[in-house]
Amino acid sequence: MSLCLLLTFRELIAPDGMSVGSDPENGKKNDLERFSTPENALVELLKEQLQNAKEHENQAREREQQALEREREGWEREVRLLALLEAEQQARCDLEQKLLPPLPPPHRHHRLGWLLAILALAIAALVWTRTSAYWPLGA
């Protein structure tokens, strides 16, 4: 790409071989020396492309690292929110237990009542069958 720019803007090159706007005291190679042969131009172009690729790779790595950091922060936030929710639910449950009226005492003699009722029914059926033999209903 630099070779294309050099060839396109060659009229901006000063007659002494230095490019316009460059400082002759800084000791850098000027564009004419760098691109004097096609091989040098290709080497320079490849170097630039390699540098660009490295920069893109570093940027991609930084973006990936930032994405991972955001994801980790999201997980940590979710864990904190779940812990807060669990604590809030436990506190609500405790408060509801305190506000509810006490439960009535359990019926301990519930089974005994059923057994007595069944026994009374059995005795009544027994008495009725024994007495009906002596006093017929249809007579």
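The values are calculated or read from the model by the stated rules, or taken from the named source; none is laboratory data. Computed from a predicted structure; not experimentally measured. Neighbour counts run over all protein chains shown; Cβ positions are idealised from the backbone, glycine included.
For (1) at pLDDT 90 or above; (2) of a type in the set (Lys, Arg); (3) surrounded by 10 or more Cβ atoms within 10 Å (Cβ to Cβ); (4) under 30 Å from the mean Cα position of the chain (by Cα), each residue gets a yes or a no:
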site: 37; (1), (2), (3), (4): no, no, no, no
site: 43; (1), (2), (3), (4): no, no, yes, no
site: 52; (1), (2), (3), (4): yes, no, yes, no
site: 58; (1), (2), (3), (4): yes, no, yes, yes
site: 77; (1), (2), (3), (4): yes, yes, yes, yes
site: 107; (1), (2), (3), (4): no, no, no, no
site: 126; (1), (2), (3), (4): no, no, yes, no
site: 130; (1), (2), (3), (4): no, yes, no, no
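Based on what the data block shows, is residue 32 at pLDDT below 75 and either among the hydrophobic types (A, V, I, L, M, F, W, C) or within 16 Å of the chain's Cα centre (by Cα) (or both)?
Here the answer is yes, as residue 32 does meet what is asked.
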